[in-house]
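Read through the structure below, which is laid out as structure tokens, and then see the notes.
Please treat every number below as a calculation from the coordinates, not as lab data. Quantities reported herein were computed from a predicted structural model and do not represent experimental measurements. Methodologically, a virtual Cβ is constructed for each residue, glycine included, from the backbone with ideal geometry; neighbour enumeration extends over all protein chains shown.
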Amino acid sequence: MTPWRPRLGILLSGRGSNFEAIAANVLAGSLACEIGFVFSNKSDAPGLTRARALGLPCGSIPSAGIDRTIFDEQVAKLLKENGVDLVCLAGYMRLLSGGFVAQFPGRILNIHPSLLPAFPGLDAQYQALVHGVKLTGCTVHFVDENLDSGPILLQSAVPVLDDDTLETLSSRILKEEHKIYSAAIAWVAQGNYRIEGRRVVNT
Ligand code: GRF
């Protein structure tokens, strides 16, 4: 099978460390993709500033006060105009409309800082800490219209230690996020998987 070389559209709302980890692998040649566009719904997102500094195509549309469907149509148009064919959500704090998801079928990934289906939604690391689990981690999954719910590509587990704070636990998880997001993108680019129900299996 000829590997596909995706043009990534990275969507972020904040810090952008996952974007930076992906970009570092792309620039080093260890992840065979191109970064087609970096988009934020926040014009002052640090991740966007970093993308600009790297000279990557990037931009923002403020989402405040715009209907979700219309906003998402604008975003999808911008991504398509820039040749994006694989969308990677990286701390993008918006639920995608059905229309957006339908424009990139099987081509939208997200990273979440828990072992889904445990602790979906906001503050996943805090949820894990207060729940008292002994293991948590992160998940890369395909995106559908529901929150943190599509078929799972990769997960990585980390221990929760007795003396963990939100900061120490989050940073342990984040290190794993930076590894598995690029690995999941590489797997999708390679194309040697199939989706059986909720399961993503190697072919
Ligand atoms: C990460 O913890 C990611 O799992 C979650 O949002 C956070 C984004 O961090 N979806 P960053 O902006 O990539 O540094």
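Listing for the model above:
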| read-out | value |
| --- | --- |
| Residue count, segment 3-41 (criterion: at negative phi, in a loop (DSSP other than H, G, I, E, B) and within 11 Å of the ligand (Cβ to nearest atom)) | 3 |
| Selection within segment 100-120 - small (Gly, Ala, Ser) and in contact with a strand residue (DSSP E or B) (Cβ under 9 Å, 6 or more places away or on another chain) | Gly106, Ser114, Ala118 |
| Condition check for Val75: assigned to a helix (DSSP H, G or I) and of a type in the set (A, V, I, L, M) | yes |
| Single condition Ser63 does not satisfy, out of (1) touching a Leu at 6+ places or on another chain (Cβ under 9 Å); (2) closer than 25 Å to Ile35 by Cα | (1) |
| Number of the exception - Ser97 against (1) out of contact with any strand residue (DSSP E or B) (no Cβ under 8 Å at 6 or more places or on another chain); (2) exposed (fewer than 15 other Cβ atoms within 10 Å of the Cβ) | (2) |
| Residue that is nearest to Val87 (Cα to Cα) [pool: residues in segment 42-56 that are away from the ligand (no atom under 13 Å from the Cβ) and part of a helix (DSSP H, G or I)] | Arg52 |
| Subset of segment 1-30 [among the hydrophobic types (A, V, I, L, M, F, W, C) and in contact (Cβ under 8 Å) with a residue 24 or more places away in the chain] | Met1, Trp4, Leu8, Ile10, Leu11, Leu12, Phe19, Ala21, Ile22, Ala23, Leu27 |
| Residues satisfying the stated conditions in segment 116-142, i.e. part of a loop (DSSP other than H, G, I, E, B), within 13 Å of the ligand (Cβ to nearest atom) and out of contact with any Leu (no Cβ under 7 Å at 6 or more places or on another chain) | Leu116, Phe119, Leu122, Asp123 |
